[in-house]
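Report on the following structure.
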Amino acid sequence: MERRSPGATLIPIIISSDKTQLTLFGSKAAYPVYMTIGNLPKDPLRKAGVEGLSLASGDGVRRRGHPIFAMHVGDYPEQVLVVGCKTGECPKCPIPPGDIGMTTDCDRPLRDFRKVLAALQTVNAGPRAFSNACRDAGIKRIQDPYWVHLPFVNVYQAITPDILHQLCQGVVKHLVAWLVAAYGAEEIDARCRRFPPNHNIRLFLKGITKLQRVTGKEHADMCRFILGLIVGIPLPDGHSSAQLVRAVHALFDFLYLAQYPAHTTDTLKLLERALQRFHDNKSIFVDLGIRAHFKIPKLHSLDHYVQCIELFGTTDNYDTQYTERLHIDFAKEAYRATNRKDEFPQMTLWLERREKILRHASYIQWRLRNRPGTQSAPQARVPPHVAAAADNPPGPAPADPQILSRIKLTRFASVKAVRLAAASQRYGATYIQDALARFVVRYRDPHATRVYIRPHWTMPVWHKIRFLLEDAQELGVMDAVQDVAHATESGAFVWSPDAVGLPESVSPML
């Protein structure tokens, strides 16, 4: 592009498609296609990609932008449909179907895109010639796919990894079934019931073998404890469990490394080594009679993760979890606004009207913020940092107000009333009275010089709270993580004592 038209600004276009069910019962379905840039004019992408179009950036400078189709995000059926290959084949590389899943090679070449384009051009040469050309190119007989006339496009390079369907709902789903077959459902479920509560660990008190319609989130929750679940369980017929544990360990290493929010050359090498270790140890499932082969396209797709990360960035840039969420806003809610007859024109009109309303609301807010003599919208009030009470005995420092504002409690407490004097013994809250005094001063009466907390006062106690950690590693790239804190009468509370609650008897005097 730079040699052809100097001074161009490339605008990558990400397209995502996924068939979704509109109703719980019945066969009403929609086929939405999502594109990340929605402010393009009505010119086709082909003309805009070659000639460019004038676009204003956030700094007010107008540049000649060239929207280029870069990625197609979708699950395996969508990928097969887009590239035109057959089910059971790889939509990116020309590996024979019989070799899928046998070995790993992260440098596999892509399909010959020029050969495919040449085969599609024989559509007017007769049915037999077109069929033979498509068969030789490794595609089905498709006519005029949407990407064939787009400039600077290689559709096989545009197919991206899919954490949700390939890993969580694909390889991990197979792995859970293999482990259940190896160790037995009773032993797996019994060990699930024995797990103690812990940070960020979801407990499956009824086991995991009888779950129906398991979601990707539930499979991700299982991955947090499955390795610890199987350690120490003997395999039947005297087989050593070390090789199986190594295979599971390697697969989970790949799963979590693939979801890193930032990558380096070293982390990509670790990703390759983890996949190689799994293939080196996967024969244990054949020895146990669980698998006869590993011809699983989703397992083979892991070979292409390193190339895609080097080309397009981290996998959170093209995860299908985002489009799954968009189905609710742009497909299901739009369908509910129709009369269920000839619904697609009504859904389109409803989405257009909603978009216009949102744009108009944004314009009104922008005008109100810039009106002369007016102030910007008020921000959320954050309590100022004030000193503690005059008597400040040693104890834990008060928590950050921003973190406290993100704590979630149930409507009713686990214990309705506990005396402050007993709380330090029952829950290990040694400085509960001092922390409560600081809390009262900081949030209720910043000008108070002394606060008296009576030992006989009672307070409600929650045995479980949820809180949100934003960028826990302080790297600037981490998403917010929701965690859970548990308290028991025999141990110390793992979160700040301020989160336990306010005493009911203190409320009138505050």
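The values are calculated or read from the model by the stated rules, or taken from the named source; none is laboratory data. Since the structure is predicted, the reported quantities are computational estimates derived from the model, not experimental observations. As a convention, Cβ positions derive from the backbone with ideal geometry for all residues, glycine included, and neighbour counts pool all protein chains shown. Heavy atoms of the whole protein, side chains included, go into the accessibility calculation; ligands, DNA and RNA do not. Shrake-Rupley method; radii C 1.70, N 1.55, O 1.52, S 1.80 Å.
What figure, in Å² to the nearest 10, do you get for the accessible area of R353 with a 1.4 Å probe and non-protein molecules left out?
That residue has around 150 Å² of solvent-accessible surface.
Which order do you get for M1, M35, M222 if you rank them by accessible area with a 1.4 Å probe, largest at the top?
M35, M1, M222
Using a 1.4 Å probe, how large is the accessible area of F195, given in Å² and rounded to the nearest 10?
60
I'd like to know which of V153, V123, L110 lies farthest towards the positive end of the charge dipole of region 101-195, counting +1 on Cβ of Lys and Arg and -1 on Cβ of Asp and Glu.
V123
I'd like the chymotrypsin sites (Phe, Trp or Tyr not before Pro) in region 403-444 restricted to DSSP loop residues with at most 13 other Cβ atoms within 10 Å, sorted by number.
In loop regions of region 403-444 (DSSP not H, G, I, E or B), the sparsely surrounded chymotrypsin sites (Phe, Trp or Tyr not before Pro) are F412.
First select every other residue whose beta carbon is under 11 angstrom from the beta carbon of L409; then total the charges, Lys and Arg +1, Asp and Glu -1.
For residues surrounding L409, the net value is +4.
Quantify, in whole percent, the carbon and sulfur part of the accessible surface of region 173-237 (1.4 Å probe; protein heavy atoms only).
53
Would you mind checking which residues have amide H under 5 Å from I11's amide H? H placed 1.01 Å from N; only 5 or more apart, or other chain.
H66, I68
Could you check how many percent of all C-alpha pairs in region 150-282 are farther apart than 27 Å?
26
Can you tell me the length gained on complete extension of the stretch L288 to R224, counting 0.36 nm per residue apart and subtracting the Cα distance?
Result for the pair: 20.6 nm of gain on full extension.
So if I take the centroid of the Cα atoms in region 65-94 and the same for region 220-289, what is the distance between those two points in Å?
28
Quick one: accessible surface of S57, probe radius 1.4 Å, all protein chains present, in square angstrom to the nearest 10.
Accessible area, nearest 10 Å²: 50 Å².
If S414, S17 are ordered by their accessible area, calculated over protein heavy atoms with a 1.4 Å probe, which sequence runs from highest to lowest?
S414, S17
Can you tell me the Rg and the Dmax, both Å, for the Cα atoms in region 254-313?
Looking at region 254-313, its Cα Rg and Dmax stand at 13.3, 39 Å.
If I take all pairs of Cα atoms in region 197-355, what percentage of them are more than 28 Å from each other?
In whole percent, the long-distance tail amounts to 43.
Report the extension gain between N124 and F152 in nm, rounded to one decimal, defined as 0.36 nm multiplied by the number of residues separating them, less their alpha carbon distance.
So the chain would gain 7.6 nm between N124 and F152.
Ratio to report: Rg/Rh of region 79-188, with Cα atoms as the point set and Rh obtained by the Kirkwood method; give two decimals.
A ratio of 1.11.
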